[in-house]
Amino acid sequence: MRATARAQPNIALIKYWGKRDSGRNLPAVGSISVTLDELFTTMNVELDSSLYLDELQVNGRSVPSLLPRVTRCLDAVLGADRLCARVISESNFPIAAGLASSASSFAALVVAASAAGGGDRSTSELAALAGQASGSAARSLYGGFVELRNEGDGIAVGTILESEAWPLRVIAAVTSTAPKPVSSGAAMEASRKTSPFYSRWVEEQDIDLSIARDAIAARDFGKLASIAEHNCLKMHSVMWASRPPVVYWNAATLACLERVRELQADGVSAFFTIDAGPQVKVICLSGNEPQVVEALSNTPGVESVLASGIGAGAVLVNVD
Ligand code: PMV
């Protein structure tokens, strides 16, 4: 009745932004991401008949505010008539700061909860359940370069290129660890309802996905860099033009973008992407990692720099 799972966050190169069904948390658009390696969340789920309510501990602290989402996810995996659960989550990177901790957390949670309940679900079933809790979490069930497609009434997720086939590095510049001013879910709904650019964003996504898919298949760094930066800036433009506007960036975010432009001008193979937060993630060839780490570390306002390779999908660590 107890199981532990581990999952890594993923960073989208072609972004998910907007929902086609907010009740079922289905994305409006497909997306492509890389699953990280060195950053991870370990999730322990114990079903206990002596409990009357679920309990949640995150990095050693009880966090009641996150409990309702965890309870909903456990209900979806195990059914509402399940035993209550003691859930213990540990991440080796800052949570709730735009580093995709919800993706690694919910991917690990569905794997651990299903195993604790004695279930034997396929990876695609687990991905669909993780996606109900956090759209991007569905991608963390898989390793390497991962594509999430809208298919019929649901989603289809899978690896399009293994990590070993193109071992890029991902360098995250953390510019603030303060909680987000607005959740990604609320910001997506504001974009859908009020941004004049939203419909165009949705319309163009298939073109961006197809260019990125081709670039990844051919391991064409320049082509991937160009479409990923374009897609990221387009997503943020949708948010900036919504009412009220959603701006996740700070001064250091922009300073990091300038650094990346300087690196590119010096011939460094690197490009940026930014999610629902002020952190800048720079994807680079492994040989260029030292220059990227040095440049970002010396950028004013950068609090820390985390480096990771591309890794595997969520795994079950043990069941007892
Ligand atoms: O999974 P959510 O609901 O936290 O949304 C994540 C959205 C972005 O990180 C901004 C983009 C993405 O595809 O991961």
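Only one residue of 273, 260, 247 has its Cα farthest out toward the positive end of the dipole of the stretch 233-288, where Lys and Arg carry +1 and Asp and Glu -1 on Cβ, and that residue is 247.
Dipole size in debye (nearest 20) for the stretch 233-320 around its Cα centre, Lys and Arg Cβ +1, Asp and Glu Cβ -1?
On the way: 5 positive and 8 negative charges, 84 e Å.
Using only the charged Cβ atoms, the result is roughly 400 debye.
Helical runs (DSSP H, four residues minimum) scored at -39500 (n - 2.57) apiece and divided by the length of the chain put the mean residue ellipticity at 222 nm at -11500 deg cm²/dmol. Per residue, the stretch 1-145 exposes 37 Å² of accessible surface when a 1.4 Å probe is rolled over the protein heavy atoms with every protein chain present.
Rg/Rh for the chain stands at 0.96; both radii use Cα atoms, and Rh follows the Kirkwood definition. Taking a ≥ b ≥ c as the square roots of the eigenvalues of the Cα gyration tensor, an a/c ratio of 1.5 or more together with a/b larger than b/c marks the stretch 1-137 as prolate. Only lysine pairs 8 or more places apart or on separate chains count here, and in the chain those with Cα atoms under 27 Å apart total 16. With both residues required to sit in the stretch 28-115, DSSP beta bridges show an antiparallel share near 70%. Per the Kirkwood formula applied to alpha carbons, the stretch 119-190 shows a radius of gyration over Rh ratio, Rg over Rh, of 1.04. Note on residue 304 and residue 1: the extension gain reaches 105.2 nm, defined as 0.36 nm multiplied by sequence separation minus the Cα-Cα distance.
Listed values for the stretch 169-178 are Karplus-derived 3J(HN,Hα) couplings in whole Hz (6.51 cos²θ - 1.76 cosθ + 1.60, θ = phi - 60°), namely 10, 10, 10, 9, 9, 8, 9, 6, 10, 5, and x replaces Gly and Pro.
Split the accessible area of the chain by element, probe 1.4 Å, and carbon with sulfur accounts for 53%. For the stretch 212-262 and the stretch 1-78, what is the centre-to-centre distance using only Cα atoms, to the nearest Å? Value for the Cα centre distance between the two parts: 26 Å. Phi angles of the stretch 128-141 translate, via the Karplus equation with coefficients 6.51, -1.76, 1.60 and θ = phi - 60°, into HN-Hα couplings of 5, 5, 5, x, 5, 7, 8, x, 6, 5, 4, 6, 6, 6 Hz per residue; Gly and Pro are given as x. Remark on residue 143: its backbone amide H falls under 5 Å from those of 313, a criterion applied only to residues 5 or more positions apart or on other chains, H modelled at 1.01 Å from N. Among the GluC sites (Glu not before Pro) in the stretch 1-85, those located in a DSSP loop and surrounded by at most 15 other Cβ atoms within 10 Å of their own Cβ are 38. Full extension of the chain between residue 233 and residue 318 yields a length gain of 26.5 nm, computed as 0.36 nm times the residue separation minus the alpha carbon distance.
Here the 3J(HN,Hα) profile of the stretch 30-46, calculated from phi with Karplus coefficients 6.51, -1.76 and 1.60 at θ = phi - 60°, is x, 7, 10, 9, 10, 8, 7, 10, 6, 9, 8, 10, 10, 10, 10, 10, 10 Hz, Gly and Pro shown as x.
The values are calculated or read from the model by the stated rules, or taken from the named source; none is laboratory data. Quick caveat, the model's predicted, so the values are computed rather than measured. When we count neighbours, we look across all protein chains shown, and the Cβ atoms used for this are built from the backbone with ideal geometry, even at glycine. For the accessible areas, the whole protein counts, side chains as well, though only heavy atoms, and no ligand, DNA or RNA atoms are used. Shrake-Rupley method; radii C 1.70, N 1.55, O 1.52, S 1.80 Å.
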